[in-house]
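Single-structure report; data block below.
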């Protein structure tokens, strides 16, 4: 990856704008949460080959993938609390079908084009990466935000960097990434953010039962079910962090996979440059 | 679909900006080019249900899809001419593998954030939609562009409206859409555009052998192989056309599907509003 | 299809034995019950090609298929009555998982090597094929069995011919096949058969609510849930019927797809010949 | 697994017959040859659940699998030598298509119902299992056959036991199984066998370049390409070996997957019993 220029920027994107690519590459063997294995697989069946009818040939393939592999966004229907989705709709056979949800599917997410904020928690802790075992707390997050000189407001997308995005090529290590505590999700929900994201597999610290909510991955319940806030996972935030780019225009365009519980995405951050 | 506001627009996107969603919805049964059938299929296997270990439950599924279903972008490796790809690289077993291409795969497409131009050819012809049988010619395209008061320049993304995007729900009719002649692709390539797109399945007029090039879908060969210009298909351009929005910031973020010949995308057009 | 000889028959299979192939061919586009579409799809991604490391090359592919496409057997877990499976086990999240059933999956079906009986109902009615609209009744089935001079006993596999197997190449017509009434399933269950089968998509007459049981496809509930009797669908019975071969050794070897609700199969009938 | 009785045996199968199940169970995570990963995956999307229209409910799923996962048979089109298949047919785009082969696909394999012979090489060597590093030689195979008191003749199916079938639950160990040398394949081809099989992943000793043929997996070329003899892999032979059952009726019914290079199968051996 690296800098991607926008040489023909139109209207409001300055010529000096820098586009940060926040998606991890997709391939079979990339890190995947165990319940979503085998994650992603692609085969090429139409090949360029000799002996075709004309000089032009066409190649194409099929992919088999969960919507939760690689860099992806969770739709609101992805999570339920006591069998209720966001907004209080009870899960029944009319809402949840073999081919997805009739409400709150990922196709209902409008394009995300909004202010984005990076909170570099690995930098704040002074570590290369935050490993599992010491979840990020609300007060740390607030302190890091303060130290970075940025504020978090309504409608923002907040990206939390754990530093694990640099380890995508090493799945067992990547899967031992640290995550946030319930307090972080609650606090962000209170700020009215539109979406959150992190450079780990599950946003939340995995495998921990929250003592108050009595559930694992509490942020998933707090954000998606209780507040209608989307979660983006497996982001690549290394370049933003390197450049100390803490504020940017964040763009994320989920595919309208009717009824699906999420979508693979390629988010970008656009920074004004100097 | 409809207007999507960006209430928290940051920096250079004005508060009055309008975001146009250019993706068609994805579901099994949507229009698909015969050689790419069955196109797209989604199943939900992890359900919200009673009797789980905790109050929070998680639902998710798998999709099986060609990269050429729905609104998508073609990577350069998608097409070859006499077994050579763009740049002159000959296709061999090191380049073309069972799991995709080692060069010119869709993961090599940088995020597209650039000036976009709509050329409304259905409007120019005074028809609801352009059907197969009367391919769009270069002179018409130039005239329409002139009438719209827009120019086409280097690095632009040019979207040609045939009016067929309104018929996505009716696959047999949609598949009878008209397309462009080879002359249009040649002319656009000469202008140095970065990508082209249309609201039909194949950009080119389907089923016609170009008399000069002796191939079907000549634009695919001219643009992808000879000039390295991407093609975006199955766009939804009705709202842009309705608003006579002919210039905009075009954003398209192809997934980095390593080695794949294309990617499903959700392009958007951002217009300044008044 | 046609006669398949067994020239090296061992032990108890006489040299004159004839093997009838009862499977329909598998390909995308074959008849499929709407709730199981797109049914079956196969792609070849590893190709024989030039430029490989050695003279020997290998080709292979992937198939994407429901276990209920083509000629297949239904496992007991395929059906439930008031959320209970055969044997009275209530369906819960421990039994029914995203990856199949922990009990009564198709892998629990022992190889079927037993006496088979064909009842040729199309012949009995004097028609080429039995179309939907006039379900096969118990008394007819008994009469046909009597006229054929065969009896049905415990452990038998009973195959009912509607004549529709000859129409596999014509999906819309094939899907209008007639089937059996609930009375037939009840009567066969009373005879203690091990499995039943037919040359149609659903064994039962499709789309009809049984007046007593108040369910569609009542035979599925009677046989699978109430009696633990397997159902085999989409058989090819034309050659057995042509030869008036009403008794045979029936062999069906379901794949041990752990937890799956059925399996594609290639049943055969072995007849002694004269 | 274990004994499976055939209580209603008809005609020529004696009541004392024993049916040996030679298929390994299928599930995601089972051993798979690296070039065929991820092998097999099954999801259940139609669930038994509350709130449906009637008391009867139906569950079903989709599998995504290579035809070379688990216990399977190789079709003749699976292998080529210098781009020629069995019978001398050269591979071209008319023969090898994106959806499989137009000749020699697995659908052309007639049901295998023939004499089977087990050669227990692990027993012959006095080891629990034959590991990679010491391929089985022709003279050993002949000696073992002789010691077992069986002959191998035209049309037989010959199953070679390495003892690795007991290790199916341990993929890394299983994949280190030993196999046969080219000499074994050549000798068996000379005997005119119809098919061969083994309880390992590749029949041949993996990773070894044959000094004469200059190819890996030479048996694949000798048997499939040069002699039209099928290969069955990943068999479960432990129970046959335990019972010293060296001759039996072998039944294997490949699915008619049009154009595919192999098929998952559930072979059985039927022995007369005493």
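Of note:
- Listed residues A:236, A:28, A:250, most fluctuating in chain A (Gaussian network, C-alpha, under 10 Å): A:28
- Both radii were evaluated on the Cα set of the stretch C:149-224; the Rg over Rh quotient, with Rh as the Kirkwood radius, amounts to 0.99.
- The residue in chain C that lies nearest, by its beta carbon, to the axis linking chain C with chain B is given here with the distance in whole angstrom as C:38, 2.
- Fluctuation leader among A:249, A:97, A:114 - chain A, Gaussian network, Cα springs under 10 angstrom: A:97
- The helix-only estimate of mean residue ellipticity at 222 nm for the protein assembly as shown, built from DSSP H runs of length n ≥ 4 each weighted as -39500 (n - 2.57), is -3000 deg cm²/dmol after division by the residue total.
- FRET E, pair residue C:173, residue C:37, Förster distance 22 Å, beta-carbon r, rounded to 0.05: 0.80
- Gyration tensor over alpha-carbon atoms, the stretch A:19-83, equivalent ellipsoid semi-axes in Å: 35, 15, 12
- Ranking of B:103, A:233 by count of other Cβ atoms within 10 Å, fewest first: B:103, A:233
- Here the Debye sum runs over all C-alpha atoms of the stretch C:233-274 as equal scatterers in vacuum, and log10 of I(q)/I(0) at q = 0.19 Å⁻¹ comes out as -0.66.
- Our Cα-only numbers for the stretch C:58-180 put the radius of gyration and Dmax at 18.4, 55 Å.
- Within the listed set B:174, B:64, B:230, the residue fluctuating most in the Gaussian network model of chain B (springs between alpha-carbon atoms under 10 angstrom) is B:64.
- Each 5 Å bin from zero up to the one holding the largest Cα-Cα distance in the stretch C:147-274 carries the following percent of pairs: 2, 10, 19, 22, 23, 15, 7, 2, 0, 0.
- Two-decimal log10 I(q)/I(0) for the stretch B:204-274, as the Debye equation yields it once each C-alpha is a single scatterer, q = 0.18, 0.24 Å⁻¹: -0.92, -1.12
- Calculated Rg and Dmax of the stretch D:25-128 using C-alpha coordinates, Å: 20.4, 62
- With both labels modelled 7 Å from their Cα along Cα-to-Cβ, the residue B:154 to residue A:146 distance reads 5.1 nm.
- Plainly put, the stretch A:108-195 has a radius of gyration that is 0.99 times its Kirkwood radius, both from alpha-carbon atoms, as the Rg/Rh ratio.
- Ranked list, fewest to most other Cβ atoms within 10 Å of each Cβ, for B:256, B:214: B:214, B:256
- Out of every Cα-Cα pair that the stretch B:47-103 contains, those further apart than 12 angstrom amount to 75 percent.
- Shape category assigned to chain B from the gyration tensor of Cα positions, a/c cut at 1.5: oblate
- Fraction of beta bridges assigned by DSSP in the protein assembly as shown that are antiparallel (%, nearest 5): 70 percent
- Share of Cα-Cα pairs in the protein assembly as shown lying beyond 40 Å, as whole percent: 49 percent
- Exposure proxy shown here: for A:252, D:245, the number of other Cβ atoms within 10 Å sets the order, fewest to most, as D:245, A:252.
Read-outs throughout are calculated quantities, based only on the coordinates presented, and are distinct from any laboratory measurement. Keep in mind that this is a model prediction, so the values were computed, not measured. Cβ: placed from backbone, ideal geometry, glycine included. Neighbour counts: every protein chain shown.
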